[in-house]
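**Student:** Encoded as structure tokens, here's the structure I'll be asking about.
Nothing in this text is a laboratory measurement; each read-out follows from the coordinates by a stated rule. This one's a predicted model, so the numbers in the text were calculated from it and none came from an experiment. We place every Cβ from the backbone using ideal geometry, glycine too, and count neighbours over all the protein chains shown.
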């Protein structure tokens, strides 16, 4: 089984490219994932390279920016190669199947006013609910007496 789920902040803006001949979109970015426990002298985050393909790659390039929080679900891939000087290089990256945008903003990098830091919807009228208890759009169903709950 090869599955990884990470939540972290982008260390730079995503890089979008297209595969020649096929035109398939591929986006690469790196995320910093905080460590749960830190020992003296150790870093407090791990850095992972992420690769996203297709329409998801285009969405990541358009909506993710440096510093934004995202969740990545995918699998690990080894990309080992030998350069022209005969030196072997080893690289492990996350091949993302799904990327969730946990923070967002407009094209100018401004935070979306709907974001409060805890993924709850923005409500500029604190004395009203977020339509959770608003029943004005619903109609009673005839024969409600037969419902067992």
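**Student:** Starting with the fewest neighbours, write out 7, 19, 31 ranked by other beta-carbon atoms found within 10 Å of each beta-carbon.
**Tutor:** Values: 7 13, 19 10, 31 25.
Ordered by Cβ neighbours within 10 Å, fewest first: 19, 7, 31.
**Student:** What spacing in nm lies between the two simple spin-label points modelled at residue 38 and residue 93, each 7 Å away from Cα in the Cβ direction?
**Tutor:** Here the modelled spin labels are 2.8 nm apart.
**Student:** Distance in nm between label sites at residue 56 and residue 79, each 7 Å beyond Cα in the beta-carbon direction?
**Tutor:** If labels sit at residue 56 and residue 79, their model points lie 1.6 nm apart.
**Student:** Let me ask you something else. Under a plain spin-label model, where a point goes 7 Å from the Cα along Cα-to-Cβ, how far apart in nm are residue 49 and residue 11?
**Tutor:** With each label point 7 Å from Cα toward Cβ, the separation is 1.1 nm.
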